[in-house]
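S.K.: My structure is below; once you've seen it, I'll send some questions.
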Amino acid sequence: MTVDEAITIAETALNYDRLNKVQELVFRQSWEGRSYKEIAASTEYEYDYIKDAGAKLWKLLSKALEEKVKKDNLKSVLKRYLRRSQVNLQRNLTIEVNLSGANLSGANLSGARLFENLNEADYGQADLDKITSNNETELSNSNKEIDWNGFCFHCDAQVKIAEMLDRTSTLFIPNSQLRLATPEGRQNQEADFLIFHQNKLGMLKIDSESSHQNSTEDEMCGLLIDSGISLIKHYDSTRCSQQPDLVVQEFLEILSQK
């Protein structure tokens, strides 16, 4: 998990309140393991001011994350928060994009709001730890869906991509429903994967053999890109199943250059 990703999670847990300049400074420097004295020495702020700002920030985060946050346990608390949220992340997720001026390219997701029915958190992400051999994928006979680490996928290609994103510790949201404004009115759009990488948001879509991109799909992609999504890229399901490592590597490289 990068410090930018951590700040995104923290601000979302704080009901989308942005950290102010000093709070972000303390958060970033504390994330890197620096003491209050070191932070003060490298800035124009006094030690007591930095220490007080830190104490107030940890108190705020403790309430939002429902666990006591201190300077030296920030990373572990955020990891536990993400794990608690992971199981419910997929339920009723809607990203509402305002095309009149949304900007999703920054780490703080300005112009977007993530609405979820989560029991314990306002926002979650897939667990950023590298997956281990005990990750189990099982097929449900009742609904023909594939259960993977609490997420429901519809095909092997989705599982393969999710596994590879997990291995690369990439922040992603699978099977997302986006709500956006179009010339014809408000419409929904599905995304196999929303992927956050280097402060940029991309959409990876997996196409079945029978699906074909048409002019309507091209127009929708244009609207999403205009809204601030940096990259929308389609991949064949067969390639995603057989070469997920190359697909993810290519997607992240393209997204990083946007």
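S.K.: Can you give me the long-range amide H partners of LEU201? Hydrogens built in the peptide plane at 1.01 Å from N, cutoff under 5 Å, separation of 5 or more residues or another chain.
M.R.: SER230
S.K.: What is the magnitude of the charge dipole of region 27-66 about its Cα centre, with +1 placed on the Cβ of each Lys and Arg, -1 on the Cβ of each Asp and Glu, and no other charges, expressed in debye to the nearest 20?
M.R.: Values: 7 positive and 7 negative charges, 34 e Å.
Magnitude of the dipole: close to 160 debye.
S.K.: Of the accessible area of region 3-69, with the probe set at 1.4 angstrom, what percent is carbon plus sulfur? Don't skip to the end; give the middle numbers.
M.R.: Working: 1760 of 3700 Å².
Looking at region 3-69 in its full context, I get 48 percent from C and S.
S.K.: While we're here: How would GLU219, GLU24 rank on accessible area, largest to smallest, probe 1.4 Å?
M.R.: Details: GLU219 95, GLU24 50 Å².
Accessible-area ranking of GLU219, GLU24, largest first: GLU219, GLU24.
S.K.: Order of 52-59, 41-48 by packing, highest average Cβ count within 10 Å first?
M.R.: On the way: 52-59: 17.1, 41-48: 11.8.
Peptide ranking by packing, descending: 52-59, 41-48.
S.K.: Ok, one more. Counting only heavy atoms of protein chains, what accessible area per residue, in Å², does region 3-71 have with a probe of 1.4 Å? Each step should come with its number before you reach the end.
M.R.: Details: 3850 Å² over 69 residues.
That works out to 56 Å² for each residue.
S.K.: Mind ranking ASP147, ASP218, ASP166 by accessible surface for me, highest first, 1.4 Å probe?
M.R.: ASP218, ASP147, ASP166
S.K.: Excluding ligands and nucleic acids, what accessible area in Å² is computed for ARG84 using a 1.4 Å probe, to the nearest 10?
M.R.: It works out to around 70 Å².
S.K.: Something else about it: How much accessible area does MET1 have with a 1.4 Å probe, in Å² rounded to the nearest 10?
M.R.: Roll a 1.4 Å probe over it and MET1 shows about 60 Å².
S.K.: Then there is this: Return the sequence-ordered ³J(HN,Hα) values of region 166-176 in whole Hz as given by the Karplus equation 6.51 cos²θ - 1.76 cosθ + 1.60 applied to θ = phi - 60°, using x for Gly and Pro.
M.R.: Listing the rounded values in order: 5, 5, 8, 6, 8, 6, 8, 10, x, 6, 8 Hz.
The values are calculated or read from the model by the stated rules, or taken from the named source; none is laboratory data. Here the structure is a predicted model, which is why all the values come from computation and not from measurement. Every residue, glycine as well, gets a Cβ built from its backbone with ideal geometry; the counts of neighbours run over all protein chains shown. Surface areas here come from the heavy atoms of the whole protein model, side chains and all, with no ligands, DNA or RNA. Shrake-Rupley method; radii C 1.70, N 1.55, O 1.52, S 1.80 Å.
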